[in-house]
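Engineer: This is the structure I have questions about; it appears just below.
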Amino acid sequence: MVKQNAVRVALVLAAGRGLRMRSTHPKALRRVGGISLLERSVRVLRRAGVERIVVVLGYRAEEVRALIKSRDLPVEVVVNPDWESGTATSVLTGLSRIGDRRCLVVMGDHVHEADDVRRLLQTPSGNVAAVDRSGQPAIALNNTRPNRVRLHDDGSVAGLGPDLEEYDAVDAGLVVVDVQDVLLVNYRARESWLELRQQMLAHGCVMQSREVQGLWADVDVPETVRALERSMWRRYGPKPTDGVIARVLNRRISGPLTRLLLRTGLTPDVATALAFAVTLLAAGLVATGETWLMVAGGLGVVLGSALDGVDGELARISARASPRGAALDTLLDRYADLAVVLALVLATGATVTAWAWGFAAAIGCLLVSYVHAVGRDTDVRLLFRREFRLLIFAVAAIVGFPLWGLIVVAIAANLDAIRGVVRLLRALRKAPW
Ligand SMILES: O=P(O)(O)O[C@H]1[C@@H](O)[C@@H](OP(=O)(O)O[C@@H]2[C@@H](O)[C@H](O)[C@@H](O)[C@H](O)[C@@H]2O)[C@H](O)[C@@H](O)[C@@H]1O
Ligand SMILES: Nc1ccn([C@@H]2O[C@H](COP(=O)(O)O)[C@@H](O)[C@H]2O)c(=O)n1
């Protein structure tokens, strides 16, 4: 819910050269966690509820414009011809385009989470700075000196700068400003956004603080990117709903793969399709019924199951998780499950018994997934999740007893689904009117 007086507009400072990134390309184009820093900022700001995003360009502006156009980013662009004078000119250039009383100013080379942005947007009035009081800020990834922040007892900012002897927090690169306060102090051109804020404090402008809770970082040097992507995977990769197989086995396979694929820009949907293709190929090997091909197929089913975690990890780390992607993922999972069941039936010689158990196993697989989906918002949890069922199928293929795989899953999955339905009906009966 958007609070009254919530900030609606954000200014992204993306005009810098980014010399310490040791690249000739604008830093805004640097891929971090699978997408460019600029696209990540825009996605996070939109997810936080920002309605209007103004991006200030400077160094190689045309390259950044090309990215904005190619990715169809919902932003307005303003070019700061004086960008080499420092970030203050970019702030003032951007603010000149913004009619709102208050505006969020975002450092274009920072990474933030939508919840932290949202907390700032929903502050009722005045200037508010995001600070990190954890003492182990993500910024330590950079080997650079962060802006230190000294706070008054009431939490408002008392001082700001990289050389403060005494400080309580570090600057997390997000500030909601009262535009009039900024313009008030700019009676002479200042070089940096830091100086402008220091001048605001010197003029008695009150700047409250809000502590960041999530992952954030200031991406100044290339070494940050890899360390940050590892932090992102730890935070966004595994899901709270992961079953024991996913936690103990599959994420150990998908994690390194995801961190490697982040450098390629591979999209989550392509990863979904690849996982589906691998599982279909594995099912084809199992269906032959040939001993060693079944072993290879069984291992392929395990790999396909693990790869089915890569798409979600890529989606969450690159801020591209979407309902559409979730639908594609779960739909292809169902077809993949049925393909593996069919492969085991064929590997068993397609006897009547095999078809009967195969049918029961297919029903069990579909019902567990269905009950899991229907009960997503309840505390009903199923045991025979997909990663468990596929592991049973894989082991049955590897040891050469495909029929037993069908029998075990048919009995266990259907019993689990029935137990889930009973618990779900109870949970829904207690649901408030
Ligand atoms: O039978 P269940 O487990 O309920 O099926 C769920 C599964 O299809 C989910 O797919 P997702 O990609 O989120 O889960 C992956 C598993 O499919 C892999 O086997 C596992 O290795 C990987 O770690 C992931 O957990 C769907 O999102 C659910 O909607 C579906 O119910
Ligand atoms: N193409 C995709 C695939 C997945 N997602 C998101 O990931 C979730 C699944 O996560 P896993 O780690 O279990 O694979 C899925 O529910 C979606 O939220 C996506 O957005 N696009």
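Engineer: Return the residues of the stretch 301-315 that are in contact with a helix residue (DSSP H, G or I) (Cβ under 6 Å, 6 or more places away or on another chain) and either more than 11 Å from ligand 1 (Cβ to nearest atom) or among the small types (G, A, S) (or both); say none if nothing qualifies.
Structural biologist: Those that are in contact with a helix residue (DSSP H, G or I) (Cβ under 6 Å, 6 or more places away or on another chain) and either more than 11 Å from ligand 1 (Cβ to nearest atom) or among the small types (G, A, S) (or both): G304, S305, A306, G309, L314, A315.
Engineer: So, in the stretch 245-281, exactly how many residues are outside any helix (DSSP H, G or I), crowded, with 21+ Cβ neighbours inside 10 Å and either free of Cβ contacts under 8 Å to residues at least 40 places away in the same chain or within 12 Å of ligand 1 (Cβ to nearest atom) (or both)?
Structural biologist: Of the residues in the stretch 245-281, the ones outside any helix (DSSP H, G or I) are 262-267.
Checking the rest, the ones that are also crowded, with 21+ Cβ neighbours inside 10 Å come to 262.
Next, from what is left, pick out any that are either free of Cβ contacts under 8 Å to residues at least 40 places away in the same chain or within 12 Å of ligand 1 (Cβ to nearest atom) (or both): none.
Here the count works out to 0.
Engineer: Continuing with this model, one more query. For the stretch 300-321, state whether one or more residues are farther than 27 Å from W233 by Cα, hydroxyl-bearing (S, T, Y) and part of a helix (DSSP H, G or I). Before the answer, list the steps.
Structural biologist: As a first pass, look at the stretch 300-321 and keep what is farther than 27 Å from W233 by Cα: none.
The answer is no; no qualifying residue exists.
Engineer: Can you give me the number of residues within the stretch 202-244 that are outside any loop (DSSP other than H, G, I, E, B), over 23 Å from A48 (Cβ atoms) and within 16 Å of ligand 2 (Cβ to nearest atom)?
Structural biologist: Here the count works out to 1.
Engineer: Looking only at the stretch 163-180, which residues are under 31 Å from the mean Cα position of the chain (by Cα) and charged (D, E, K, R)?
Structural biologist: Listed by number, the residues that qualify are D168, D171, D178.
Engineer: Shifting gears a bit: So is W233 crowded, with 21+ Cβ neighbours inside 10 Å and more than 21 Å from L332 (Cβ to Cβ) or not? Break it down into steps so the answer makes sense when it comes.
Structural biologist: On the way: crowded, with 21+ Cβ neighbours inside 10 Å: yes; more than 21 Å from L332 (Cβ to Cβ): yes.
Judged against the criteria, W233 is a match.
Engineer: Would you please list the contacts, defined by Cβ atoms under 6 Å and residues six or more apart or on different chains, that run from a residue in the stretch 114-141 that is crowded, with 20+ Cβ neighbours inside 10 Å to a residue that is modelled with pLDDT under 90?
Structural biologist: Short answer, once both residue conditions are applied: L121/A6; I139/P146; I139/D218; L141/T224; L141/A227.
Engineer: Right, next: Any residue at all in the stretch 33-53 that's under 20 Å from E195 (Cβ atoms) and in contact (Cβ under 8 Å) with a residue 12 or more places away in the chain?
Structural biologist: Taking the stretch 33-53 and keeping what is under 20 Å from E195 (Cβ atoms), we get none.
No: zero hits.
Engineer: On the basis of being within 16 Å of S305 (Cα to Cα), more than 34 Å from the chain's Cα centre (by Cα) and assigned to a helix (DSSP H, G or I), does A397 make the cut? Outline the logic, then answer.
Structural biologist: Details: within 16 Å of S305 (Cα to Cα): yes; more than 34 Å from the chain's Cα centre (by Cα): yes; assigned to a helix (DSSP H, G or I): yes.
It is true that A397 is within 16 Å of S305 (Cα to Cα), more than 34 Å from the chain's Cα centre (by Cα) and assigned to a helix (DSSP H, G or I).
Engineer: Is it fair to say L382 is without any contact (Cβ under 8 Å) to a residue 60 or more places away in the chain, in the same structural domain as R251 (by the TED database), within 27 Å of the chain's Cα centre (by Cα) and within 15 Å of ligand 1 (Cβ to nearest atom)? Before you say what the answer is, go through the steps one by one.
Structural biologist: Numbers: without any contact (Cβ under 8 Å) to a residue 60 or more places away in the chain: yes; in the same structural domain as R251 (by the TED database): yes; within 27 Å of the chain's Cα centre (by Cα): yes; within 15 Å of ligand 1 (Cβ to nearest atom): yes.
Yes: the conditions hold for L382.
Engineer: Sticking with this structure for a sec: Does L415 satisfy the condition of being away from ligand 2 (no atom under 16 Å from the Cβ), more than 34 Å from the chain's Cα centre (by Cα), in the same structural domain as A296 (by the TED database) and without any contact (Cβ under 8 Å) to a residue 24 or more places away in the chain?
Structural biologist: Values: away from ligand 2 (no atom under 16 Å from the Cβ): yes; more than 34 Å from the chain's Cα centre (by Cα): yes; in the same structural domain as A296 (by the TED database): yes; without any contact (Cβ under 8 Å) to a residue 24 or more places away in the chain: yes.
Yes; evaluated as a whole, the condition is true for this residue.
Engineer: Across the stretch 301-331, what is the number of residues that are under 15 Å from S254 (Cβ atoms) and either more than 6 Å from ligand 2 (Cβ to nearest atom) or polar (S, T, N, Q) (or both)?
Structural biologist: The number of residues fulfilling the criteria is 12.
Engineer: Output the number of residues of the stretch 347-394 satisfying the condition of being within 16 Å of ligand 2 (Cβ to nearest atom), small (G, A, S) and crowded, with 20+ Cβ neighbours inside 10 Å.
Structural biologist: Total meeting the criteria: 1.
Engineer: Out of the stretch 123-147, which residues are modelled with pLDDT of 75 or more, part of a loop (DSSP other than H, G, I, E, B) and of a type outside the set (S, T, Y)?
Structural biologist: Of the stretch 123-147, the ones modelled with pLDDT of 75 or more are 123-134, 145-147.
When the remaining residues are screened for being part of a loop (DSSP other than H, G, I, E, B), the result is 123-126, 133-134, 145-147.
Scanning the stretch 123-147 gives P124, G126, R133, R145, P146, N147.
Engineer: Let me confirm something: among L194, L183, L160, which residue is assigned to a helix (DSSP H, G or I) and within 31 Å of the chain's Cα centre (by Cα)? Give the derivation first.
Structural biologist: Values: L183 fails: within 31 Å of the chain's Cα centre (by Cα); L160 fails: assigned to a helix (DSSP H, G or I).
Sole residue among the options that is assigned to a helix (DSSP H, G or I) and within 31 Å of the chain's Cα centre (by Cα): L194.
Engineer: Write out, first by first residue and then by second, each pair whose Cβ atoms fall under 8 Å of each other, whose residues are 6+ apart or on separate chains, and whose first residue, in the stretch 387-401, is free of Cβ contacts under 8 Å to residues at least 60 places away in the same chain while the second is within 16 Å of ligand 2 (Cβ to nearest atom) and of a type in the set (V, I, T).
Structural biologist: R389/V368
Engineer: Would you check which residues across the stretch 1-16 are buried (at least 22 other Cβ atoms within 10 Å of the Cβ), among the hydrophobic types (A, V, I, L, M, F, W, C) and part of a loop (DSSP other than H, G, I, E, B) and list them?
Structural biologist: Scanning the stretch 1-16 gives V7, A15.
The values are calculated or read from the model by the stated rules, or taken from the named source; none is laboratory data. In this text the structure is predicted, and so the values were computed from the model without any measurement. Don't worry about glycine lacking a Cβ; one is built from the backbone with ideal geometry, like all the others, and counts go over all protein chains shown.
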